[in-house]
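These notes concern the structure reproduced below.
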Amino acid sequence: MSTTADLITALKKELKSAQMTYADLAKELDMAESSVKRMLAKGDMPLTRIDAICRALRIDFADLARRVAESQPLLKELTQEQERAVVADKKLLLMAICVLSQWTLEQITSTYRLSEAEGVKYLAQLDRIGIIELRPLNRYRLKLAKTFRWRPHGAVMDFFREHALLDYFSGSFDGTGEGMLLVHGSISRAVAPAFNERMQRLAQDFSQQHLADQKLPPRELEGYTLVLGMRSWEFAVFGQMRRNGSPP
């Protein structure tokens, strides 16, 4: 939800864009210019007054609120509470994964055993959690940044480790477009973050390609899941064979 302060900040930008002075606005509102200046400076006014300023600017209040919402910083990760809310209901988790892929409600309900009413209900829940901004006709705007990731030790990754990790890696990875690499080596701690940044860029490339390909007919699309990871790690069985006192 947009705060009054956010709306007033947006109104000031609209005034500047429209090249409307405080004197012009005062005339439109039938107020003294000093009163208009004081009102905008304090940043505190009823919504009826904001609506009157919108009429003076010839803009719709809903459009102003939408611009405010779209100007808010996108989330790079959710809070622990938000993630727990997502995994508390498996259908809600499914909806969250689908909206991350920018699926429409029609695509979701035609692919999974969810009624339209259920889909709308879960979209509303994702709106309340803060993942999307629900719009008319069951459309939505994703409120997550391109660099968004689930919390490393959050509820969603815990769910993945418990319920999906073995299933994912039990595959042969030999299908069309599939592959898995296991590379081990000792490198400088100073350069390790650079490899992590490259993985982030690859993940972003994958996400952008997904969005670009949504215009293609469904028969030309295939669902893929890309898992990238790098950590300081050694097989436990190897660690057990280390000589006492040797570094891990």
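Per-structure values
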| quantity | calculated |
| --- | --- |
| Test: ALA190 is modelled with pLDDT of 90 or more, farther than 18 Å from PHE148 by Cα and assigned to a helix (DSSP H, G or I) | no |
| Subset tally (residues that are open to solvent by 20 Å² or more (accessible area, probe 1.4 Å), assigned to a helix (DSSP H, G or I) and farther than 30 Å from ALA5 by Cα) for segment 42-92 | 4 |
| Members of segment 1-17 found to be in contact with a helix residue (DSSP H, G or I) (Cβ under 6 Å, 6 or more places away or on another chain) and assigned to a loop (DSSP other than H, G, I, E, B), listed by number | SER2 |
| Qualifying residue in segment 125-136 (condition: assigned to a helix (DSSP H, G or I), more than 16 Å from the chain's Cα centre (by Cα) and not small (Gly, Ala, Ser)) | yes |
| Pick from segment 115-127, criterion of a type in the set (A, V, I, L, M, F, W, C) and buried (at least 19 other Cβ atoms within 10 Å of the Cβ), ranking: farthest from LYS146 (Cα to Cα) | LEU123 |
| Cross-chain or 6+ apart pairs with Cβ under 9 Å, segment 150-178 first and of a type in the set (D, E, K, R), then exposed (fewer than 10 other Cβ atoms within 10 Å of the Cβ) and not in a helix (DSSP H, G or I) | GLU178/SER172 |
| Out of ARG242, ARG139, sole residue that is surrounded by 10 or more Cβ atoms within 10 Å (Cβ to Cβ) and under 21 Å from LEU93 (Cα atoms) | ARG139 |
| Test: LYS215 is of a type in the set (Lys, Arg), touching a helix residue (DSSP H, G or I) at 6+ places or on another chain (Cβ under 7 Å) and open to solvent by 60 Å² or more (accessible area, probe 1.4 Å) | no |
| Pair list, Cβ < 9 Å and 6+ apart or interchain, from segment 186-205 residues that are among the aliphatic types (A, V, I, L, M) to residues that are surrounded by fewer than 10 Cβ atoms within 10 Å (Cβ to Cβ) | ALA192/SER232; MET199/GLY229 |
| Qualifying residue in segment 93-114 (condition: among the small types (Gly, Ala, Ser), crowded, with 18+ Cβ neighbours inside 10 Å and in contact (Cβ under 8 Å) with a residue 12 or more places away in the chain) | yes |
| Some residue of segment 74-85 being out of contact with any Phe, Trp or Tyr (no Cβ under 8 Å at 6 or more places or on another chain), more than 19 Å from ALA124 (Cα to Cα) and small (Gly, Ala, Ser) | no |
| Residue match in segment 149-171 (condition: open to solvent by less than 60 Å² (accessible area, probe 1.4 Å) and β-branched (Val, Ile, Thr)) | yes |
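So that you can scan it fast, the table gives a plain yes or no per residue for (1) small (Gly, Ala, Ser); (2) under 34 Å from the mean Cα position of the chain (by Cα):
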{"site": "THR4", "(1), (2)": "no, yes"}
{"site": "ILE8", "(1), (2)": "no, yes"}
{"site": "MET20", "(1), (2)": "no, no"}
{"site": "LYS27", "(1), (2)": "no, no"}
{"site": "ALA32", "(1), (2)": "yes, no"}
{"site": "ALA41", "(1), (2)": "yes, yes"}
{"site": "ILE59", "(1), (2)": "no, yes"}
{"site": "SER71", "(1), (2)": "yes, yes"}
{"site": "GLU77", "(1), (2)": "no, yes"}
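The values are calculated or read from the model by the stated rules, or taken from the named source; none is laboratory data. Since the structure is predicted, the reported quantities are computational estimates derived from the model, not experimental observations. As a convention, Cβ positions derive from the backbone with ideal geometry for all residues, glycine included, and neighbour counts pool all protein chains shown. Ligands, DNA and RNA are excluded from the accessible area calculation, which covers all protein heavy atoms including side chains. Shrake-Rupley method; radii C 1.70, N 1.55, O 1.52, S 1.80 Å.
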